[in-house]
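Chemist: Take this structure first; my questions come after.
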């Protein structure tokens with residue numbers, strides 16, 4: 001175990017961030033799949049509200065342990081901004097999840113990578129080389145192969161998925177700023193409280209009494225949400241936003257497998273072709289992250 005930890009510590013920051021993001025992406029798809037299942041009978045906003053209540057319960061030990069420091073922040077407006085954007089991103093994204101095939105909505109969500117790269121250049125002044133730009137563009141082409149955008153295929157839920165992708169990419173940029181000046185606990189606590197308060201009114205108004213099975217699934221959703229959120233924060237602490245973003249392409253593979261097994265959604269040839277392109281792009285990005293770090297490392301003391 002110590003040897004594994006030692007080797008992990010020697011990995012470049014962008015590589016660590018990329019690998020952490022791959023794990024977070026798997027958890028994200030598992031959570032999304034459960035929301036798709038429960039959302040067939042329970043309003044999305046109610047699911048999200050109950051989930052946020054559970055998140056608050058789960059992180060309550062962190063709040064109590066650090067009660068004197070966890071709420072201290074000099075950038076409260078950034079927490080409010082992130083929480084507000086998160087509410088919009090979740091409502092639009094998960095509504096699309098309930099009404100679109102899992103693989104399709106996952107593919108559409110990959111537009112966020114292009115959004116994140118552009119926003120990282122504009123607001124974070126990150127330098128993105130030609131090769132990484134090319135990798136992002138190739139991955140985006142893979143998404144287009146899957147979606148095959150045509151006027152007759154576009155519907156309101158697809159537009160919601162695209163809107164959600166933009167807002168999620170905006171969250172990534174705010175997260176990059178926050179993670180440099182705030183600890184993970186403070187970020188997670190403010191996020192949970194703000195989102196819970198925002199969801200409360202609509203959830204109560206649209207309330208549908210869940211069954212015990214649905215309650216169980218929502219509990220699992222809340223647990224996965226807490227885990228995913230914390231892992232993503234760690235990824236952005238050690239890596240650049242533009243480097244981490246392409247790793248989310250792996251969600252398509254996860255979504256395709258889960259779609260086949262649990263929702264009888266058989267991927268088309270277009271989906272498989274696009275997946276190959278996207279996975280190749282992801283692997284190449286990981287390779288470039290490693291190579292660039294080695295080239296920048298000094299030759300000696």
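The values are calculated or read from the model by the stated rules, or taken from the named source; none is laboratory data. These numbers come from a predicted model, not from an experiment. Reconstructed Cβ throughout: ideal geometry from the backbone, glycine too, with neighbour counts over all protein chains shown.
Chemist: Return only the number of the condition from (1) surrounded by fewer than 20 Cβ atoms within 10 Å (Cβ to Cβ); (2) closer than 20 Å to residue 76 by Cβ; (3) free of Cβ contacts under 8 Å to residues at least 60 places away in the same chain that residue 233 does not satisfy.
Modeler: Checking residue 233 against (1) surrounded by fewer than 20 Cβ atoms within 10 Å (Cβ to Cβ); (2) closer than 20 Å to residue 76 by Cβ; (3) free of Cβ contacts under 8 Å to residues at least 60 places away in the same chain, the one that fails is (1).
Chemist: If you don't mind, there's one more thing I want to ask. Do we have any residue at all in the stretch 66-78 that's crowded, with 20+ Cβ neighbours inside 10 Å and touching a helix residue (DSSP H, G or I) at 6+ places or on another chain (Cβ under 6 Å)?
Modeler: no
Chemist: Inspect all residues belonging to the stretch 283-299 and state whether any of them is crowded, with 18+ Cβ neighbours inside 10 Å, modelled with pLDDT of 75 or more and assigned to a helix (DSSP H, G or I).
Modeler: No: the stretch 283-299 contains no residue that is crowded, with 18+ Cβ neighbours inside 10 Å, modelled with pLDDT of 75 or more and assigned to a helix (DSSP H, G or I).
Chemist: Enumerate the helices (runs of 4 or more DSSP H) found wholly within the stretch 1-110, keeping only those where 3 or more residues are touching a residue at least 12 places away in the same chain (Cβ under 8 Å).
Modeler: So the answer is 13-38, 44-65, 76-99, 102-109.
Chemist: Which of the residues belonging to the stretch 207-226 are surrounded by fewer than 17 Cβ atoms within 10 Å (Cβ to Cβ) and under 14 Å from the mean Cα position of the chain (by Cα)?
Modeler: Of everything in the stretch 207-226, nothing turns out to be surrounded by fewer than 17 Cβ atoms within 10 Å (Cβ to Cβ) and under 14 Å from the mean Cα position of the chain (by Cα).
Chemist: Read through the list (1) modelled with pLDDT of 85 or more; (2) surrounded by 14 or more Cβ atoms within 10 Å (Cβ to Cβ), then give the number of the only condition that residue 60 fails.
Modeler: The single condition residue 60 does not satisfy is (2).
Chemist: Is it the case that the stretch 112-122 has a residue that's in contact (Cβ under 8 Å) with a residue 24 or more places away in the chain, surrounded by fewer than 17 Cβ atoms within 10 Å (Cβ to Cβ) and more than 19 Å from the chain's Cα centre (by Cα)?
Modeler: yes
Chemist: Something else: For residue 146, indicate whether it is more than 28 Å from residue 43 (Cβ to Cβ) and touching a helix residue (DSSP H, G or I) at 6+ places or on another chain (Cβ under 8 Å).
Modeler: Judged against the criteria, residue 146 is a match.
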